[in-house]
Amino acid sequence: MNGSTSDLLSGDMDGLRLFGLGRIPRCGQCLRYAALVDAYQAGCRTPGTLPSSLPAVPAACHVPYCSPIVLRLSGAEAA
């Protein structure tokens, strides 16, 4: 991941949520989570700005905790 943890702790709720997800061992090792954090740190912080090229949810992930953030930042939540 690019940047530092302090980028996620800027006071923004999505940043705090991403920081919390990173504390879950399986999420912290997930390629989708890493791509989501990279996109967030690159400025994708408003609905509709998230690239559609995020990795898929891993098959071993039975509860994709990142889905609400992905839906919100992709703009799909409003659809």
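The values are calculated or read from the model by the stated rules, or taken from the named source; none is laboratory data. Small disclaimer: the values here were computed from a predicted structure and weren't measured. Neighbour counts are summed over all protein chains in view; Cβ atoms, including those assigned to glycine, are modelled from backbone coordinates with ideal geometry.
Structure notes:
- Among the residues of the stretch 30-39, none is identified as surrounded by fewer than 15 Cβ atoms within 10 Å (Cβ to Cβ) and within 9 Å of the chain's Cα centre (by Cα).
- Where helices (runs of 4 or more DSSP H) sit wholly within the stretch 3-79, those with at least 3 residues that are at pLDDT below 90 occupy 5-8, 13-22, 67-74.
- Scanning the stretch 62-79 for residues that are crowded, with 17+ Cβ neighbours inside 10 Å and closer than 15 Å to GLY15 by Cβ yields CYS66, ILE69, VAL70, ARG72, LEU73.
- Complete set of residues in the stretch 40-61 that are surrounded by 12 or more Cβ atoms within 10 Å (Cβ to Cβ) and out of contact with any Ser or Thr (no Cβ under 8 Å at 6 or more places or on another chain): TYR40, GLN41, ALA42, CYS44, ARG45, THR49, PRO51, LEU54, PRO55, PRO58, CYS61
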